[in-house]
Amino acid sequence: MKQFLTIVAALCLFSACHHHDDEERVLEHVVMVYIANDNTGGWNIDQRSDIRQMMEGTKNLTRDQKVVTFIDGPNEHPYILEIAQGDTMRVLQYNEELSSSDAAVMSDVLAWIEQHYAAESYGLVLWGHATGWEIKEGANYSRQRRAYGIEHSSTWMDIPDMARELSRLPKLKYIFADCCCFQCVEIDYELRNVADYIIASAAEIPGEGAPYQTVVPALFGTGDDFYKQVVDAYYDQVSYGYQEPMSVVKTSEMDDLAAATHAALASFMSAMDTRYPDVSGLIYYFDQSFFDMNDFILRFADDNSYREWRRSFDKAVVYSTMVERWMANHVNFTFGVTAERYGGVSMFVPQESSWNTFFIQLNQTISRMQWYAAAGLKDFGW
């Protein structure tokens with residue numbers, strides 16, 4: 001409640017706010033970009049080049065298609081910027097600091113945009129840093145890094161908090177995550193009720209992020225497979241000598257995928273001598289807790305069980321681009337990727353943790369993600 005009152009006060013104190021001429025019209029589509037960039041200690045990203053690219057990407061859009069961007073950058077108060085037809089207009093200036101890593105702040109910002117930009121549909125771009133699913137476990141946890149939207153090098157947004165707050169808003173057409181390690185099955189399941197599609201990479205993304213001059217037009221695509229243009233535009237960018245593994249998850253299929261995963265795990269876990277499968281040599285995306293989901297099930301399930309599971313997986317992961325190498329924990333790795341092994345979505349696999357405090361932490365906190373119960377991880381002593 002205190003955070004909400006703070007936001008209300010900030011809205012009441014805004015300056016340099018311009019009334020846009022489309023307020024009474026219902027727009028075709030609005031892309032809401034959430035830039036969480038109020039960081040210190042080397043975490044900052046130069047947002048200005050991406051804003052320029054977004055301007056370029058909107059040049060050929062119609063008056064019924066707009067990009068509306070919340071920007072919380074370093075050394076300035078947050079503001080909201082309208083980007084349309086190659087131009088920008090600052091429509092809201094906050095006179096107070098906001099914590100962009102607070103999910104309630106995100107919810108209120110997006111609600112403001114939806115109130116002032118009525119549209120038939122909305123998409124959300126998450127811009128900034130992320131490192132997969134996260135449940136915070138105490139202030140002294142030194143590797144507290146799985147989350148979105150780091151602020152001041154210490155505060156992150158928990159994914160369950162994000163899902164809870166976004167559920168207060170109308171369902172999004174998509175979430176496009178221009179941040180690292182977001183395409184993991186735990187996040188996809190957590191966000192299944194807030195967006196129709198999750199477009200993201202399971203790996204680290206390049207420092208410059210998406211090529212918005214080509215991605216922005218694709219985000220306004222109207223076809224049933226509009227997401228292919230978004231992914232292909234990102235894939236066409238070559239950074240540090242490699243392209244980006246990307247995928248698209250259809251969230252309405254996530255419950256079926258969870259049930260299929262439970263069945264696949266049951267087909268081999270009951271016959272194993274240990275509750276922690278040997279994960280050495282599996283494809284992974286950041287460190288060895290972000291394993292390729294398809295590669296994991298392919299290794300351990302029998303042929304029939306794998307085929308049954310793969311049918312559900314293919315309904316959920318409706319599009320992907322495969323590459324042979326990517327950045328993993330800041331090192332350019334080659335993983336022996338093949339079309340048979342590659343899935344494009346990561347999954348956490350609990351591992352023996354008696355000697356490793358990192359996995360002790362992850363093995364405990366995974367139980368707070370909805371995927372843990374839905375996919376039956378708890379049934380196997382995990």
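Worth pointing out:
- Subset of segment 345-377 that is at pLDDT below 90 and in contact with a Ser or Thr (Cβ under 7 Å, 6 or more places away or on another chain) - its residue that is surrounded by the most Cβ atoms within 10 Å (Cβ to Cβ): L362
- Screening segment 320-335 for residues that are open to solvent by 60 Å² or more (accessible area, probe 1.4 Å) and within 21 Å of the chain's Cα centre (by Cα) and picking the one that is modelled with the lowest pLDDT gives H330.
- Residues satisfying the stated conditions in segment 61-82, i.e. farther than 28 Å from E28 by Cβ and either in contact with a Gly (Cβ under 6 Å, 6 or more places away or on another chain) or open to solvent by less than 10 Å² (accessible area, probe 1.4 Å) (or both): G73
- Counting the residues of segment 292-319 that are open to solvent by 10 Å² or more (accessible area, probe 1.4 Å) and out of contact with any Leu (no Cβ under 9 Å at 6 or more places or on another chain) gives 11.
- In segment 150-208, residue nearest to the chain's Cα centre (by Cα) [restricted to those that are open to solvent by less than 10 Å² (accessible area, probe 1.4 Å) and hydroxyl-bearing (S, T, Y)]: S201
- Index of the failed condition, M272 passing every other in (1) open to solvent by 40 Å² or more (accessible area, probe 1.4 Å); (2) within 24 Å of the chain's Cα centre (by Cα); (3) within 20 Å of F348 (Cβ to Cβ): (2)
- A residue that is within 24 Å of the chain's Cα centre (by Cα), at positive phi, surrounded by 21 or more Cβ atoms within 10 Å (Cβ to Cβ) and not hydrophobic (A, V, I, L, M, F, W, C) occurs somewhere in segment 114-134.
- When F313, F286 are checked against the criterion of being modelled with pLDDT under 90 and at negative phi, F286 stands alone in meeting it.
- In the condition set (1) at pLDDT 85 or above; (2) open to solvent by 20 Å² or more (accessible area, probe 1.4 Å), H19 is compliant with all but (1).
- Search result, residues across segment 83-100 that are under 22 Å from P217 (Cβ atoms), in a strand (DSSP E or B) and open to solvent by 20 Å² or more (accessible area, probe 1.4 Å): D87, T88, M89
- The condition of being crowded, with 22+ Cβ neighbours inside 10 Å, of a type in the set (S, T, N, Q) and part of a loop (DSSP other than H, G, I, E, B) holds for only one of S289, S280, that being S289.
- In this entry, A147 is excluded by the filter for residues that are open to solvent by less than 40 Å² (accessible area, probe 1.4 Å) and either modelled with pLDDT of 90 or more or more than 17 Å from the chain's Cα centre (by Cα) (or both).
- Per-region count, segment 216-226, residues among the small types (G, A, S) and either surrounded by fewer than 18 Cβ atoms within 10 Å (Cβ to Cβ) or in contact (Cβ under 8 Å) with a residue 60 or more places away in the chain (or both): 2
- Counted residues, segment 50-60 - those being crowded, with 21+ Cβ neighbours inside 10 Å and in a helix (DSSP H, G or I): 3
- You will find that of Q213, Q229, the residue that is open to solvent by 10 Å² or more (accessible area, probe 1.4 Å), farther than 15 Å from V317 by Cβ, over 19 Å from the mean Cα position of the chain (by Cα) and at pLDDT 95 or above is Q213 and no other.
- In this structure, S252 does not satisfy being assigned to a helix (DSSP H, G or I), open to solvent by 20 Å² or more (accessible area, probe 1.4 Å) and closer than 22 Å to R341 by Cβ.
The values are calculated or read from the model by the stated rules, or taken from the named source; none is laboratory data. Small disclaimer: the values here were computed from a predicted structure and weren't measured. All Cβ positions, even for glycine, are placed from backbone atoms using ideal geometry, and neighbour counts span all protein chains on display. Side chains included, ligands, DNA and RNA excluded: accessible areas come from the protein's heavy atoms. Shrake-Rupley method; radii C 1.70, N 1.55, O 1.52, S 1.80 Å.
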